[in-house]
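For reference, the structure is listed below as structure tokens.
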Amino acid sequence: MTDSMAAGLAARPRLLDRYRAFLPVTDATPPLTLGEGATPLVRAERLGAAIGAPNLYLKVEGQNPTGSFKDRGMVMAVAKAVEAGARAIVCASTGNTSASAAAYGAAAGLEVIVILPRGQIALGKLLQALVAGARVVAIDGNFDQALTIVRALAEQDDHPVTLVNSVNPFRLDGQRTAAFEICDDLGRAPDILAIPVGNAGNISAYWAGFRAYADAGRISATPRMWGFQAAGAAPIVHGRRVERPETVATAIRIGDPASWDKAVAARQESGGRIEAVTDDQILAAYRDLARYEGVFCEPASAASVAGVRTLAAAGALDPDATVVAVLTGHGLKDPRTAEAQVPGVIDAAPSVGAVAVALGWS
Ligand code: F0G
């Protein structure tokens with residue numbers, strides 16, 4: 001390694017090195033990285049003022065290598081799979097897990113298989129998996145059915161393959177690092193952590209992360225966990241499975257979350273809540289995030305901000321509270337939803353006069 005490379009790594013260490021003391025990293029764990037983690041915590045003054053949360057911050061997880069928070073858990077899970085001698089990995093996905101598995105699997109030289117609900121994957125995510133060389137199987141079913149299938153596939157002996165959904169404990173271990181980063185950046189834990197909930201792994205991982213940091217004496221208090229499901233896919237809110245989940249936020253179109261019990265425990269232990277937000281509320285937050293803050297996230301991610309806005313309007317938010325809303329994935333992943341939300345371009349002939357007229361200046 002050159003001196004300048006060493007200096008660069010010291011300034012921006014690999015995620016698995018930075019939080020090694022909190023992770024199941026051993027000397028035999030390969031130093032896998034695509035540059036995940038160290039994502040920005042953005043102070044959102046304009047949006048915060050607009051939605052009644054004056055001390056609002058955004059954890060912009062779309063800035064991970066494949067554009068979502070999944071990379072934190074995937075780097076850990078794939079490194080451990082390689083350490084254990086795996087040759088192939090498999091996952092079910094609403095899109096982001098498959099994009100991340102495809103990328104980290106490619107980097108580690110593994111075969112990658114993903115099972116997806118046909119027609120329900122945002123275009124960018126599907127292309128990420130295909131471009132990285134994953135074998136993609138689309139089923140005429142939903143995510144919950146795909147997860148049942150991959151769990152069974154991973155148990156068969158004739159084709160050894162490691163499951164990298166968040167039921168793989170290394171995924172949640174890695175995802176805890178986002179909670180660590182937030183505390184490191186704020187110098188304390190937030191009062192409230194607002195987060196979208198789908199398969200319920202991430203809310204569980206954040207809560208485990210905050211608790212681990214508290215146990216290690218790095219923070220003196222833990223946040224209340226506020227989880228938000230889409231109204232058409234809100235099994236935890238209603239306390240029963242949803243057979244046919246529906247929402248514009250395809251990433252969280254899940255009716256039977258694998259980490260249901262862990263999410264309920266996170267809610268209870270943190271004094272938090274798990275609520276539903278409508279597609280209209282999600283899309284309003286999605287537009288406002290871009291227009292007030294310049295942060296383009298995917299629809300599912302905006303559920304966190306939609307939820308904070310709803311609870312603030314209901315008087316459930318102390319205005320002094322420090323709120324961190326997790327924006328789980330990048331807006332560019334889902335160009336079709338974006339396209340349906342925006343006005344068209346303004347046409348003009350290629351002259352100063354015509355452009356001025358088109359702008360209404362003359
Ligand atoms: N936000 C985005 C952008 C997601 O992709 C997901 C989950 C979530 C939120 C919810 O996180 O499942 O841990 O509660 N996506 C998974 C996938 C299901 O397959 O990509 P969760």
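The values are calculated or read from the model by the stated rules, or taken from the named source; none is laboratory data. What you see is a predicted model, and the numbers here were worked out from it, not measured in a lab. We place every Cβ from the backbone using ideal geometry, glycine too, and count neighbours over all the protein chains shown. Please note that ligands, DNA and RNA were not included when accessible areas were found on the heavy atoms of the full protein model with its side chains. Shrake-Rupley method; radii C 1.70, N 1.55, O 1.52, S 1.80 Å.
Evaluate E = 1/(1 + (r/R0)^6) for Arg273 and Ala138, where r is the Cβ-Cβ distance and R0 equals 35 Å; express this FRET efficiency to the nearest 0.05. Spell out each step's value before the answer.
Numbers: r = 35 Å, r/R0 = 1.01.
After rounding, the FRET efficiency stands at 0.50.
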**Q.** Amide H within-cut-off set for Arg224, under 5 Å, with H built and near neighbours excluded
**A.** Ile192, Leu193
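Can you give the helix-only mean residue ellipticity at 222 nm for the chain, where every DSSP H stretch with n ≥ 4 adds -39500 (n - 2.57) and the sum goes over all residues, rounded to the nearest 500 deg cm²/dmol?
On the way: 16 runs with 160 residues, N = 362.
After summing the helix terms and dividing by residue count, I get -13000 deg cm²/dmol.
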Q | Mean Cα-pair separation over length for the chain, i.e. relative contact order, pairs under 8 Å, 6 or more apart, % | A | 19
Q. Taking springs between alpha-carbon atoms closer than 10 angstrom, which of Asn165, Asn55, Asn142 fluctuates most in the Gaussian network model of the chain?
A. Asn55
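I'd like the carbon and sulfur percentage of the solvent accessible area for region 1-122, probe radius 1.4 Å, heavy atoms only, ligands and nucleic acids excluded. Mind dumping the intermediate values first?
Working: 2420 of 4670 Å².
Answer for region 1-122: carbon and sulfur cover 52 percent of the accessible area.
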**Q.** the chain: Lys pairs at Cα distance under 23 angstrom, eight or more positions apart or on different chains
**A.** 10
Q. Which of these, Asp173, Asp256, Asp191, has the largest mean-square fluctuation under a Gaussian network model of the chain (Cα springs below 10 Å)?
A. Asp191
Q: For region 261-266, take each phi angle, set θ = phi - 60°, evaluate the Karplus expression 6.51 cos²θ - 1.76 cosθ + 1.60, and give the result in whole Hz per residue in order, putting x for glycine and proline.
A: 4, 5, 5, 5, 5, 4
Q. Tell me, what ³J(HN,Hα) does each residue in region 196-206 have, in order and in whole Hz, if you take phi through Karplus 6.51 cos²θ - 1.76 cosθ + 1.60 with θ = phi - 60° and put x for Gly and Pro?
A. x, 10, x, 7, 6, x, 5, 4, 5, 5, 4
Q) Which trypsin sites (Lys or Arg not before Pro) from region 111-209 combine a DSSP loop assignment with at most 16 other Cβ atoms within 10 Å? A) Arg118, Arg188
Q) Who wins for biggest fluctuation among Ala21, Ala321, Ala129 in a Gaussian network model of the chain, springs between alpha carbons below 10 Å? A) Ala21
Q) Residue by residue through region 109-121, which ³J(HN,Hα) values in whole Hz follow from phi under the Karplus form 6.51 cos²θ - 1.76 cosθ + 1.60 (θ = phi - 60°), with glycine and proline marked x? A) x, 9, 6, 10, 10, 10, 10, 10, x, 4, x, 10, 10
Q | Long-range amide H partners of Leu163 with built H, under 5 Å | A | Val90
Q. With contacts defined as alpha carbon pairs under 8 Å and 6 or more residues apart, what's the relative contact order of region 74-218 in percent?
A. 24
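Taking 0.36 nm per residue of sequence separation and subtracting the Cα-Cα distance, how much length would be gained by fully extending the chain between Ala28 and Arg291, in nm to one decimal?
On the way: separation 263, 0.36 × 263 = 94.68 nm, distance 4.63 nm.
Gain in length upon complete extension: 90.0 nm.
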